[in-house]
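Down below is the structure, laid out as structure tokens.
The values are calculated or read from the model by the stated rules, or taken from the named source; none is laboratory data. Keep in mind that this is a model prediction, so the values were computed, not measured. Here the Cβ positions follow ideal geometry from the backbone for every residue, glycine too, while neighbour counts run over all protein chains shown. Remember, those area values only see protein heavy atoms, side chains included, never the ligands or the DNA or RNA. Shrake-Rupley method; radii C 1.70, N 1.55, O 1.52, S 1.80 Å.
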Amino acid sequence: MKSQEIRDRWIKFFENKKHLYVPSASLIPQNPTLLLTNAGMVPFVPYFLGQEKPPSKRAVSIQKCVRVGGKDSDLENIGKTPRHLTFFEMLGNFSFGDYFKEEVIPWSWDLLTNKDYGYGFKPEQLLVSIFEGDDKVSEDKEALDIWHKKVGIPENRILKLGRKDNFWGPPGGISGPCGPCSEIYYDSGDGSEPIEIWNLVFMQYEQFEDGSLKSLPKPNVDTGAGLERIATILQGKQTVFETDLLAPIIKKIKELDIEKSNTKLDLSVKIIADHIRCSAMLIGDGVKPSNLGRGYVLRMLIRRAARYGWLIGLKKPFLSELVSPVKDIFDKAYPQVKESEKQIAEIIETEEKAFAKTLENGLKKFNELVEKYQ
Ligand code: GLY
């Protein structure tokens, strides 16, 4: 199933359940405690906390997200694991004090397993988890009962996990809405580790800076599923890099003048593809390279991609050539990339050239020093 079809089915399923479709918010969040939007719920925080009235009590979205820096940073994993990315799209549905576990758990199962309007996962390939409880919050008995009695999952396929895995939020890690969660995993049955595909968060607390929790006036639902992970499975691939969300960038890199037998080739190509996708999306949302905050994240991604290019023989600026496949990938979902394609390519090229100059100067200084001390 193509990624656009996955997006369309997601939105349609929840629109049929009276959810308002809310287009992705910018990667630059309104929330001052966050550097970059890192989850689908970020634009909705004021609704969860009861600070603002939502336009609808139910929402569905596909949110652009970046996880670089801070506790959620996936940077070191990029290219080394089959699934980690700095930029990804989070499919989500939300209840602002409206429905709760009884509704969302069976819905998630229906969407994943239905062949006609859903994704057609085989039930025996799915596993779920619930929060096992700790000294602050008790075991999520309700979720356990709904999965077992209402959905019919055998108890041995319902894992009970602790705070690290099954208690989500707040989004910046310090203060804000949070709650126990229930995750759905895909188990290919080939002995490899099950893949988490969807997280259902039962957002019923507000966490304060001292770590204490207070119940929210009304319980909410915040869910997040990874588009790239679902696409990997439904497209029969082993890694996110082979899906239609990244493969065209990889193809383009391989057409460049790279050292084909370089031992770092596979890792470098994946890192470059990930970083250029993320950089293009950040610039598209108004981030500019700088030495501070999100501008620094962008600068670091461009320079890291250039460096990995250098390692595989790409000694001249090449990154701006990769903006075109990124634009094509997001043609329908984020047409604004096409509108600012030229500007994105220019910013990337300028930054890449500045970096090359820094490297050249550094190398020159280094050589001078070596000569002086010989
Ligand atoms: N807010 C749900 C998640 O990020 O998994």
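Descriptive notes on the structure:
Matching residues to (1) part of a strand (DSSP E or B); (2) surrounded by 19 or more Cβ atoms within 10 Å (Cβ to Cβ):
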{"site": "Lys17", "(1), (2)": "no, no"}
{"site": "Pro23", "(1), (2)": "no, no"}
{"site": "Leu34", "(1), (2)": "no, yes"}
{"site": "Gly40", "(1), (2)": "no, yes"}
{"site": "Pro55", "(1), (2)": "no, no"}
{"site": "Ala59", "(1), (2)": "yes, yes"}
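- Residue check for Leu216: within 16 Å of the ligand (Cβ to nearest atom), over 26 Å from the mean Cα position of the chain (by Cα) and closer than 15 Å to Met41 by Cβ: yes
- Only one entry in Glu76, Glu52, Glu5 is under 27 Å from Leu213 (Cα atoms) and of a type in the set (Asp, Glu), namely Glu52.
- 3 or more residues open to solvent by 60 Å² or more (accessible area, probe 1.4 Å) and in contact with a helix residue (DSSP H, G or I) (Cβ under 9 Å, 6 or more places away or on another chain): qualifying helices (runs of 4 or more DSSP H) within the stretch 220-313: 247-255, 293-311
- Selection of the stretch 99-127 for residues being within 15 Å of the ligand (Cβ to nearest atom) and under 20 Å from the mean Cα position of the chain (by Cα) yields only Ser108.
- Conditions (1) at pLDDT below 95; (2) under 24 Å from the mean Cα position of the chain (by Cα): number failed by Asn93: (1)
- Qualifying residue in the stretch 60-78 (condition: more than 30 Å from Phe241 (Cβ to Cβ), free of Cβ contacts under 8 Å to residues at least 60 places away in the same chain and hydrophobic (A, V, I, L, M, F, W, C)): no
- Taken together, the residues in the stretch 178-190 that are more than 18 Å from Arg229 (Cα to Cα) and more than 11 Å from the ligand (Cβ to nearest atom) amount to 1.
- Inter-residue pairs, beta-carbon under 6 Å, first within 16 Å of Pro317 (Cβ to Cβ) and without any contact (Cβ under 8 Å) to a residue 60 or more places away in the chain and in the stretch 355-370, second open to solvent by less than 100 Å² (accessible area, probe 1.4 Å) and part of a helix (DSSP H, G or I), 6+ apart: Phe355/Arg303; Phe355/Ala306
- Count - residues of the stretch 324-356 that are of a type in the set (A, V, I, L, M, F, W, C) and in a loop (DSSP other than H, G, I, E, B): 2
- Only one of the numbered conditions (1) in a helix (DSSP H, G or I); (2) surrounded by 12 or more Cβ atoms within 10 Å (Cβ to Cβ) is violated by Glu368, and that is (2).
Yes/no matrix, rows are residues, columns are (1) among the acidic types (Asp, Glu); (2) open to solvent by 30 Å² or more (accessible area, probe 1.4 Å); (3) in contact with a helix residue (DSSP H, G or I) (Cβ under 7 Å, 6 or more places away or on another chain); (4) free of Cβ contacts under 8 Å to residues at least 60 places away in the same chain:
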{"position": "Tyr117", "(1), (2), (3), (4)": "no, yes, yes, no"}
{"position": "Phe121", "(1), (2), (3), (4)": "no, no, yes, no"}
{"position": "Lys141", "(1), (2), (3), (4)": "no, yes, no, yes"}
{"position": "Ile153", "(1), (2), (3), (4)": "no, no, yes, yes"}
{"position": "Asn156", "(1), (2), (3), (4)": "no, yes, no, yes"}
{"position": "Arg163", "(1), (2), (3), (4)": "no, yes, no, yes"}
{"position": "Pro180", "(1), (2), (3), (4)": "no, no, yes, yes"}
{"position": "Gly189", "(1), (2), (3), (4)": "no, yes, yes, no"}
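- Checked against the criteria, Ile184 does not count as in contact (Cβ under 8 Å) with a residue 40 or more places away in the chain and touching a Lys or Arg at 6+ places or on another chain (Cβ under 9 Å).
- Residues within the stretch 191-213 that are touching a Cys at 6+ places or on another chain (Cβ under 9 Å) and either more than 12 Å from the ligand (Cβ to nearest atom) or assigned to a loop (DSSP other than H, G, I, E, B) (or both), tallied: 5
- Any hit, the stretch 78-98, residues being more than 16 Å from the ligand (Cβ to nearest atom), closer than 27 Å to Phe14 by Cβ and either not in a helix (DSSP H, G or I) or not basic (Lys, Arg) (or both): yes
- Count of residues meeting criterion [open to solvent by 10 Å² or more (accessible area, probe 1.4 Å), at pLDDT 95 or above and more than 16 Å from Ile271 (Cα to Cα)] in the stretch 65-90: 1
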